[in-house]
1. Measuring from centroid to centroid over Cα atoms, what is the spacing of the stretch 224-263 and the stretch 100-160 in Å?
2. Residues with amide H under 5 Å of N140's amide H, sequence separation 5 or more or different chain, H placed in the peptide plane at 1.01 Å from N; which?
3. Using only the alpha carbons, work out the radius of gyration and Dmax of the stretch 187-257 in angstrom.
4. Tell me the Kirkwood hydrodynamic radius of the stretch 100-141 in angstroms, computed as one over the mean inverse distance between distinct C-alpha pairs.
5. Karplus couplings for the stretch 120-131 from phi (6.51 cos²θ - 1.76 cosθ + 1.60, θ = phi - 60°), rounded to Hz, Gly and Pro as x?
6. Tabulate in residue order the Karplus-calculated ³J(HN,Hα) for the stretch 365-371, using 6.51 cos²θ - 1.76 cosθ + 1.60 with θ = phi - 60°, rounded to whole Hz; enter x for Gly and Pro.
7. Between the helical axis of 87-119 and the dominant principal axis of the chain, each derived from Cα atoms, what acute angle in degrees is found, rounded to the nearest 10?
8. Once phi is turned into θ = phi - 60°, what whole-Hz ³J(HN,Hα) does the Karplus curve with 6.51, -1.76 and 1.60 give for every residue of the stretch 413-419, x standing for Gly and Pro?
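The values are calculated or read from the model by the stated rules, or taken from the named source; none is laboratory data. Not measured: the values here are computed from a predicted model. Methodologically, a virtual Cβ is constructed for each residue, glycine included, from the backbone with ideal geometry; neighbour enumeration extends over all protein chains shown. Ligands, DNA and RNA are excluded from the accessible area calculation, which covers all protein heavy atoms including side chains. Shrake-Rupley method; radii C 1.70, N 1.55, O 1.52, S 1.80 Å.
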Amino acid sequence: MTEQRGNFGSKLGAILATAGSAVGLGNIWRFPYMTGENGGAAFILIYIICVLLLGIPCMLGEFIIGRHGASNTYRAYSKLSEGKAWKYVGLLGVVTGFLITGYYAVVAGWCLQYIFATVMGHLNGTPQYYIDYFNDFSTNPLRPIFWTAVIIGITHFVIVHGVRGGIERASKLLMPTLFVLLLVIVVASCMLPNASQGIRFLFYPELDKLNSEVFLGALGQSFYSLSIAMGCICTYASYFSRQTNLTTSAIQIGIIDSIVAILAGLMIFPAAFSVGVNPDSGPSLIFITLPNVFQQAFGGSSFVGLIISLMFYTLLSLAALTSLMSLHEVSTAFFYEELHISRKKGAVIVTISTLIIGAICSLSLGEWNFLSLSGKNLFSIFDFVTGQIFLPLGGFLTCIFLGWYVPKDILKSEFTNWGTLKGTFFGIFLFLIRFVCPISILAIFLHQFNII
Ligand code: PHE
């Protein structure tokens, strides 16, 4: 079993793969919208503070657990706690990652369909056309499932090629491509007439909009965006080498993720303001509002319009794919190590089961809409249970585990690479993980149920 365990071959590969997990749909549809709605530059400032004081320490904590365990997330928690009940916190991470994989793949599949639609010249019509197109497509019983199967198939292909030959190689190719696509669209968007209004909307600090909701929104966004408490960070860290500087890696990934999020804002708002369309949130932003914005701004049937739309959906698909790879890997590592089967068989189990979950989720939007609970469809239920319950619970318990249970000398030796690094920030890390992080996570958790 041990020889099946790979590791990342280079520092850059490890950083790009982990950044690939972090950079996802959350950066592109959620962050820009949250920023615009919650006070522009003031929100960005709070978001960056959240990333620095909460996101990066929690990521660092998961790095420590993962690299120390050198195994899947469940076993990594188990090793650090000598088999005590803390291992179930690791299991919670695996379950959360597993459940998210299915529905994240459905949205990723939609991105592929929109690449196809662009090429076929279907994304060209009135604003109402885009609404109808999206509703028809997403409630269709077969087509979204086909695209979900395609993206899961691509993910499977990468995963069976292993950590170094699959995940690392793909990330080294996909992440720079993603960055270039993003930059090109940002430049095109910022050169449109009246683009400065969009830039102002994004960067003008509106301090009167700041309230507790904004703080909690920024905190939740930073956790989701950094893929914390879903097993991904811990699993990838189990492939880090003993020389990897965990602190600088966490900081670099936090910076890359935040830069991509801010650039996504610079891609969306200038174009939307230029044509006077109000940016929406969630799926409707990506699949209804933006195709309309791009068509109006760049000319839907013109060559430039086609290229921009193609680049945009390719960018989204790549961002989703690299996140999906990390989600898939969480469960693959769990199955092959816990069931003592080959990596390939583990991947097949994950691929088939996420395909089934994805298909059910997709059908619940159309033909199977009876699959709902108090008016919420399966999609929203998955999103709610994983994002609003499992994520804060797992994050909170992980902080308590690291801060109050795991012996300090183990933490310190991982933090300093067994005494070879200075560890100047260890005291700060310990303080944040013991007090600031768990209290803040508890605050968002209680606040969303209106308890505080
Ligand atoms: N961080 C990803 C994003 O920003 C989402 C994600 C969460 C990916 C959890 C993997 C695991 O979209």
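1. Computed from Cα coordinates, the inter-centre distance equals 28 Å.
2. none
3. 17.8, 51
4. Details: mean 1/r = 0.0901 Å⁻¹.
Computed over the stretch 100-141, the radius equals 11.1 Å.
5. 7, x, 7, 8, 7, x, 7, x, 5, 4, 5, 5
6. Karplus values, whole Hz, x for Gly and Pro: 7, x, 4, 9, 6, 6, 6.
7. Taking the Cα atoms of the chain, the angle to 87-119 is about 20 degrees.
8. Residue by residue, the stretch 413-419 yields 5, 5, 4, 9, 6, 6, x Hz.
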